[in-house]
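Below is one structure, written out as structure tokens; comments come after it.
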């Protein structure tokens, strides 16, 4: 029997990688502005390294799923990301800005490794009965990293300079490489079979997300919620300046949201709620919509309460999304599904932040109300997805051919591949035998 990887080591590696990731965003902004003197250039670096994640996420997930040692693939992705951060810093000093921006875009595709790449390996760390609790702890590393990362970036930049913050971010990501290298593959049913072409693997992951309503909702709703969160982050500087008395207090707002999310997840890990994860996903989006609407016309105390409320909705929603992915994703496709969903969230966050930047110059309350509308749209999108997926056309054709032969309905296996599987029962009381012939299940008259 395979010895399981220690959960504390998994959490330590995930926390180091995710803290470095959360540091990298503010550090890129600070270093870009300090070395180029252009706020627009600094923002374009962050947008470039973030938006590229939607392209690289599915490919990275497919490589993780196909690998005999997925931990080594994950470690390689961490090395690429850490090296990319270092190359960006060198480029800001020595290379034209266009080349540096290209380096940022090239490093972005492996960014989902720092989030969903770890989470996809969690079933290989703990037994199935401990997976929900371990998933809650895994989500807490996100909240702790989002709290510590920006604070570390600001503190180090103030004490040692903005480039030092980017260096520490790269070092934290690199520190997670040993923990990732020794991760073992989640045990799956049956022996390992010959891998399908990469294009087929990518199509299989996308098909599962589309065909399974729970996964569709767990991808679409969090992506829209993440867009609203990016809009709130972009508004935080203006909120700090206009409501709290200083632009530097924007970090206080983001810290309050992270503290609330971390606290909510800690409570749920200790006292699991009776609600299904699917319910928590849309309820979390609804809570965030109410919080953003409250923040639009709030004084200092009410604004802090609204931000705390937004974090309390965000944290449990993330834990619920992890639970749904683990429940609905076939083991063979878990990595590519997780990284594709993470890429969608990262892209939504980047688009929300990019859209809110110019909008705040028009109207800060209007931008917050727009963010609340996007979060409310996430709730509507959840319920707009049908409860049952429409069967694919190849399934219908297979069923018709099977009925024509008098056999059982042929359906695709749950892992998204195109290999047909005979159904358990068939027409006229016959059941397919192992040899392929139908045998009677009741005596002849």
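Quick rundown of the values:
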quantity	calculated
Cα coordinate range in segment 1-186, projected on the principal axes (Å, largest first)	57, 31, 22
Cα→Cβ-extended label distance, 7 Å offset, between residue 129 and residue 380, nm	4.6
Order of 263, 19, 216 - criterion: other Cβ atoms within 10 Å of each residue's Cβ, fewest first	263, 216, 19
Gain on full stretching of the segment that runs from residue 9 to residue 327 - 0.36 nm per residue minus C-alpha separation	112.1 nm
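Each reported figure results from applying straightforward, stated rules to the coordinates on display, with no laboratory input. Bear in mind the structure is a predicted one, so any value in this text is a computation, not a measurement. No Cβ is skipped: glycine too gets one built from the backbone with ideal geometry, and neighbour counts run over all protein chains shown.
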